[in-house]
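Enquirer: Shown below is the structure under consideration.
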Amino acid sequence: MEVNFRKIDIDAYDEDVLLETELYDADPRAPSQVIEETKAKAVAVRSSLNKGDITGALVTILDNPPYGPGVDEAKNLTLQTLVTVLNSTKSSDIPNVVKSLPLESQDILMKYLYKGMAMPGWGDVSGSVLLGWHEKLTEVAGTGSIVRAMTDRRLV
Amino acid sequence: MSAPEVYNISQGPITGHAFNADRTQVAVSLNSNDVQILSRSGNDWNTTETLAEHDKIITSIDWAPNSNRIVTSSQDRNAYVWQQTPDPQTGRTIWKPTLVLLRINRAATFVRWSPFEDKFAVASGARAIAICSFDPDNDWWVSRLLKKPIRSTVLTVDWHPNNVLLAAGSADMKARVFSAYIKDVDKRPAGSVWGEKLPFNTICGEYTSPSGGWVHAVGFSPSGDVLAFASHDSTISIVYPGGPAIYTIRSNSLPYVTLTWTAEEALVAAGHDCQPVLFTGNASGWKAAGSLDDTSAPKSAGGARSGFGGASPVGRLNSAAFNTFRNADSRGLGSPGGANSGGSGDTELFTVHQNTITSVRPYEGGPGAVTKVSTSGVDGKLVIWNVSPVGALTAKLNAVRIQ
């Protein structure tokens with residue numbers, strides 16, 4: 001029996017199809033601007049880390065993160081920078097750092113934790129470090145933050 | 001605060017509930033093709049009538065208090081208006097269905113009478129809302145469709161008190177305000193914060209929560225000047241169109257799927273968290289005031305919980321089952337049902353509702369002064385709650401995050 005018709009992408013023939021990009025507001029920044037900002041943030045994060053200011057480093061890197069299509073380089077750099085911060089934090093410091101983050105940053109941090117867990121072995125990503133942060137973050141921000149990480153279409 | 005009235009209606013889910021004007025009867029659908037009308041006798045609700053005409057699952061019910069008509073919507077793409085008339089043969093009063101020509105090709109998902117009860121709105125999966133009005137010449141209900149710019153299934157609607165504006169929440173993550181003005185039915189509405197000229201299908205506003213999510217519930221404030229919506233990102237957003245300001249309250253628990261305003265500065269929302277939560281605020285800011293439920297202890301007598309957990313801050317994880325597994329994990333205590341567990345209460349949540357609340361509606365008090373609300377949900381319970389003054393609740397503010 002002919003079953004190839006099942007593989008036809010019927011959405012391609014639907015003029016009224018709902019596109020992923022219609023579900024969120026596009027980033028107003030140009031891709032080149034995003035990568036510039038991300039590089040500047042990576043530098044700022046390093047200097048914060050040298051001063052031992054973990055919260056400051058996290059707030060910096062989690063502010064206005066790159067999302068949407070065409071900014072993969074900036075996304076990777078952000079994740080890499082964030083993972084450096086996460087890995088260099090003593091586990092006993094995590095609860096206080098998480099508590100001192102603004103609500104918006106907590107939700108964005110949750111998004112990156114899930115992104116990191118989806119990429120085991122990428123760069124310096126360590127599953128056990130991410131799970132430790134995830135546990136502490138969930139205690140503070142609740143399941144609501146996890147739900148927001150799942151619903152938000154502004155993928156980081 | 002007095003305890004809520006709890007009625008166990010069914011073992012399975014209650015799709016929706018609608019009380020009649022004097023609250024002596026309630027129409028419910030128990031996840032089936034039929035509507036049951038339950039009448040109150042003492043502390044019980046007994047089925048007195050079954051409305052059977054739909055041939056797929058019913059999705060929503062609304063009972064018009066003044067004209068005493070019921071409207072139902074179903075996955076069979078139809079809506080029926082039910083009216084009490086004498087049976088020509090027996091003379092008994094029966095509920096007679098009238099089919100509504102909806103002209104939609106997907107399931108009808110939600111239905112609500114307009115405040116003047118001369119129109120109703122049916123939300124649907126066909127990316128459209130059918131605004132239905134009665135055509136006396138042909139003796140049937142006709143519909144006009146609100147289509148643009150809806151991009152996905154409409155999940156919920158709510159009428160503005162002026163009988164013309166309609167708010168809708170949709171799976172394309174937007175809450176919108178439309179004009180549902182029908183020339184033959186409505187008088188020209190006075191201008192409001194939503195606009196001055198309002199021909200049919202005018203878009204008066206389009207809003208979304210910052211983190212997206214399907215919009216499960218929408219509601220106009222009693223004055224109609226403020227809009228609230230709940231979306232699947234566990235937030236409630238309150239829109240002041242004149243402001244222009246949108247306040248988004250992030251919950252640290254699971255998403256809300258239904259809401260109702262109790263006063264101009266207060267609303268009750270409920271959902272996957274299994275407990276109704278009161279929110280209060282005004283044009284300068286909003287916050288969660290507290291839960292209407294007392295979640296500090298299990299509700300049934302047999303559900304004594306094991307002595308360790310205490311109230312977990314993590315919303316719905318606050319259950320005996322969760323504590324059993326946590327004890328097994330952290331203390332090496334035995335398997336579920338072991339020495340210290342509470343027998344039958346093992347999976348009991350500490351909330352009155354034992355599963356998602358799918359509908360919250362005003363029960364007592366007029367618009368703007370609601371003193372009691374009713375909820376129904378997936379656990380088959382119908383519960384009537386006192387909406388107490390804010391002061392009594394603030395003390396119970398339990399792990400509800402405020403922004």
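The values are calculated or read from the model by the stated rules, or taken from the named source; none is laboratory data. As the structure is a prediction and not an experimental result, all values here were calculated from the model. Here the Cβ positions follow ideal geometry from the backbone for every residue, glycine too, while neighbour counts run over all protein chains shown.
Enquirer: Going by the conditions given, is B:Leu155 among the aliphatic types (A, V, I, L, M) and more than 28 Å from B:Pro222 (Cβ to Cβ)?
Expert: Judged against the criteria, B:Leu155 is not a match.
Enquirer: Pick out the one residue from B:Arg144, B:Arg112 that is closer than 18 Å to B:Ala230 by Cβ, among the charged types (D, E, K, R) and not in a loop (DSSP other than H, G, I, E, B).
Expert: Exactly one of B:Arg144, B:Arg112 is closer than 18 Å to B:Ala230 by Cβ, among the charged types (D, E, K, R) and not in a loop (DSSP other than H, G, I, E, B), namely B:Arg112.
Enquirer: Take the residues in the range A:12-35 that are among the acidic types (Asp, Glu) and surrounded by 10 or more Cβ atoms within 10 Å (Cβ to Cβ); name whichever of them is nearest to A:Asn64 (Cα to Cα).
Expert: Across the range A:12-35, the extreme among qualifying residues is A:Asp27.
Enquirer: Is it true that A:Pro66 is touching a residue at least 60 places away in the same chain (Cβ under 8 Å) and more than 19 Å from A:Ser126 (Cβ to Cβ)?
Expert: yes
So that you can scan it fast, the table gives a plain yes or no per residue for (1) touching a residue at least 24 places away in the same chain (Cβ under 8 Å); (2) more than 11 Å from chain B (Cβ to nearest Cβ); (3) within 22 Å of B:Pro255 (Cβ to Cβ):
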| residue | (1), (2), (3) |
| --- | --- |
| A:Tyr112 | yes, yes, yes |
| A:Ser126 | yes, yes, no |
| A:Leu131 | no, yes, no |
| A:Glu139 | yes, no, yes |
| A:Thr143 | no, no, yes |
| A:Arg148 | yes, no, yes |
| A:Asp152 | yes, no, yes |
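Enquirer: Additional query: Have a look at B:Trp141, B:Trp159 and point out the one that is among the hydrophobic types (A, V, I, L, M, F, W, C), closer than 21 Å to B:Val81 by Cα and touching an Asp or Glu at 6+ places or on another chain (Cβ under 9 Å).
Expert: Answer to the selection: B:Trp141.
Enquirer: Exactly one condition in (1) modelled with pLDDT of 95 or more; (2) buried (at least 22 other Cβ atoms within 10 Å of the Cβ); (3) assigned to a strand (DSSP E or B) is not met by B:Ala289; state its number.
Expert: (1)
Enquirer: Any idea which of B:Ala190, B:Ala167 is closer than 19 Å to B:Val226 by Cα, hydrophobic (A, V, I, L, M, F, W, C) and touching a residue at least 60 places away in the same chain (Cβ under 8 Å)?
Expert: Going through B:Ala190, B:Ala167 in turn, the sole match is B:Ala167.
Enquirer: Moving on. If you take the residues of the range A:57-115 that are part of a loop (DSSP other than H, G, I, E, B) and of a type in the set (Val, Ile, Thr), which of them is surrounded by the most Cβ atoms within 10 Å (Cβ to Cβ)?
Expert: Among residues in the range A:57-115 that are part of a loop (DSSP other than H, G, I, E, B) and of a type in the set (Val, Ile, Thr), the one surrounded by the most Cβ atoms within 10 Å (Cβ to Cβ) is A:Val71.
Enquirer: Give the residues of the range B:69-93 that are touching a residue at least 24 places away in the same chain (Cβ under 8 Å) and either among the polar types (S, T, N, Q) or not in a loop (DSSP other than H, G, I, E, B) (or both), sorted by residue number.
Expert: Selection gives B:Arg69, B:Ile70, B:Val71, B:Thr72, B:Ser73, B:Ser74, B:Gln75, B:Asn78, B:Ala79, B:Tyr80, B:Val81, B:Trp82.
Enquirer: Here's something else I'd like to know. Restricting to the range B:212-253, name every residue that is assigned to a strand (DSSP E or B) and among the hydroxyl-bearing types (Ser, Thr, Tyr).
Expert: B:Ser231, B:Thr235, B:Ser237, B:Tyr240, B:Tyr247, B:Thr248
Enquirer: Which of (1) among the polar types (S, T, N, Q); (2) at pLDDT below 95; (3) under 20 Å from B:Thr258 (Cβ atoms) does B:Ser192 not meet, given it meets every other one?
Expert: The number of the failed condition is (3).
Enquirer: I'm checking my understanding of the structure. Among residues of the range B:195-215 that are surrounded by fewer than 18 Cβ atoms within 10 Å (Cβ to Cβ) and farther than 24 Å from B:Ser152 by Cβ, which one is modelled with the lowest pLDDT?
Expert: B:Lys197
Enquirer: Take B:Ile131 and decide whether it is farther than 26 Å from B:Tyr240 by Cα and more than 14 Å from chain A (Cβ to nearest Cβ).
Expert: no
Enquirer: Just need a number here: residues in the range A:127-154 that are in a loop (DSSP other than H, G, I, E, B) and in contact with a Pro (Cβ under 9 Å, 6 or more places away or on another chain).
Expert: Going through the range A:127-154 one residue at a time, the tally reaches 2.
Enquirer: Okay, moving on. Every residue in the range B:248-278 that is within 14 Å of chain A (Cβ to nearest Cβ), more than 14 Å from B:Thr356 (Cβ to Cβ) and either surrounded by 22 or more Cβ atoms within 10 Å (Cβ to Cβ) or charged (D, E, K, R) (or both), please.
Expert: Passing the criteria: B:Ile249, B:Arg250, B:Ser251, B:Asn252.
Enquirer: Here is a further query. If I go through the range A:16-50 residue by residue, how many of them are in a helix (DSSP H, G or I) and within 14 Å of another protein chain (Cβ to nearest Cβ)?
Expert: So the count comes out to 4.
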